[in-house]
1. Only one of (1) under 22 Å from residue A:25 (Cα atoms); (2) loosely packed, with under 15 Cβ neighbours inside 10 Å; (3) more than 7 Å from every other protein chain (Cβ to nearest Cβ) is not met by residue B:173, so which one is it?
2. Would you pick out the residues in region B:180-195 that are within 19 Å of residue B:167 (Cβ to Cβ) and out of contact with any helix residue (DSSP H, G or I) (no Cβ under 6 Å at 6 or more places or on another chain)?
3. Got at least one residue in region A:153-166 being at pLDDT 90 or above, crowded, with 20+ Cβ neighbours inside 10 Å and under 30 Å from residue B:183 (Cα atoms)?
4. Within region A:13-25, identify whether any single residue is farther than 22 Å from residue B:83 by Cα, buried (at least 22 other Cβ atoms within 10 Å of the Cβ), within 13 Å of the chain's Cα centre (by Cα) and free of Cβ contacts under 8 Å to residues at least 60 places away in the same chain, and answer yes or no.
5. Which of the helices (runs of 4 or more DSSP H) contained wholly in region A:2-51 include at least 3 residues that are touching a strand residue (DSSP E or B) at 6+ places or on another chain (Cβ under 9 Å), modelled with pLDDT of 95 or more and more than 23 Å from residue A:127 (Cβ to Cβ)?
6. So, residue A:10, is that one over 20 Å from residue A:114 (Cβ atoms) and more than 10 Å from every other protein chain (Cβ to nearest Cβ) or not?
């Protein structure tokens, strides 16, 4: 694995997306195409990112560790810290651009596109994991439980793990 | 006033409205926020607001709101952008480094350690079964999050112009279907989605102003 290229792929995904999971579709495409990551590693990293503290965007650090060890996780830290630095430049031009219709529409369209792609990636993760009634039940159950706001997300994931052990072992 | 508050340097220029916290205070604050930030971004934002606006009044509520909306337009993790922007406002370049380090030190350390522990047991049959349960749950959370992101965007479109909502829905379905059937380069497709919605907004605004003036 070429670590420099690997770093660039992490950086690129973060540069062309907003939010903690916006970089997922781009990384999924780039790393799977080169055989540097598997669907399973993506799923594992996402789960760790949800359970661990901090912004959910830190899932990339977990992916870095799973795919390229300690070096991978450190490169991931750098790759997610650099793009947000652009905020200092964005702040300067924001006042002039905030009423600009093209920019406003562009950002909205970009975010919506990300969601369209994201949905496909989610379905692919589900398929790679083995799509069956049990999996769908867990998916729907998670959505329902989360919407009630009774349980914190890490607890819901632990419950899902318990169900996994019961249903799939 | 600034002189009475512990942990503050009095600004050399005597600007009492924006007292500068000293490095150590700033680092400790971010460290506390980073260590308590279980449960994703929203909880963390709240902690930041509490620490910087409510308790210490280093920022006015409207300054915080402005910073927050600027961060929505910034590439990468919004919360990191917010951390960088607040750090910059309070202490300049060193403030950025201190704030990022404070926020990330606890959470990155825990994330890496958890992954390392997990990597040691990932082939165990029980762990594999547990993961098979966790993946669909993660997908469920992802679906919810997509909805949370999409809802305000679509609502904004609906309230501005009729056609805009239709364009949004078209962009959403087209990008999904394209990825599903043609696997185009993702970045190019995201840019195309943005350009389509941007151009549409611009054209509509131009026609609207023509109707008004003509």
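The values are calculated or read from the model by the stated rules, or taken from the named source; none is laboratory data. Not measured: the values here are computed from a predicted model. No Cβ is skipped: glycine too gets one built from the backbone with ideal geometry, and neighbour counts run over all protein chains shown.
1. Residue B:173 satisfies all of (1) under 22 Å from residue A:25 (Cα atoms); (2) loosely packed, with under 15 Cβ neighbours inside 10 Å; (3) more than 7 Å from every other protein chain (Cβ to nearest Cβ) except (3).
2. Here is the first cut: in region B:180-195, the ones within 19 Å of residue B:167 (Cβ to Cβ) are B:188-195.
B:188, B:191, B:192, B:195 - these are the residues of region B:180-195 that are within 19 Å of residue B:167 (Cβ to Cβ) and out of contact with any helix residue (DSSP H, G or I) (no Cβ under 6 Å at 6 or more places or on another chain).
3. Checked region A:153-166: no residue is at pLDDT 90 or above, crowded, with 20+ Cβ neighbours inside 10 Å and under 30 Å from residue B:183 (Cα atoms).
4. no
5. On the way: elements: A:3-15, A:24-33, A:39-51.
It comes to none.
6. Values: over 20 Å from residue A:114 (Cβ atoms): no; more than 10 Å from every other protein chain (Cβ to nearest Cβ): yes.
No: the conditions fail for residue A:10.
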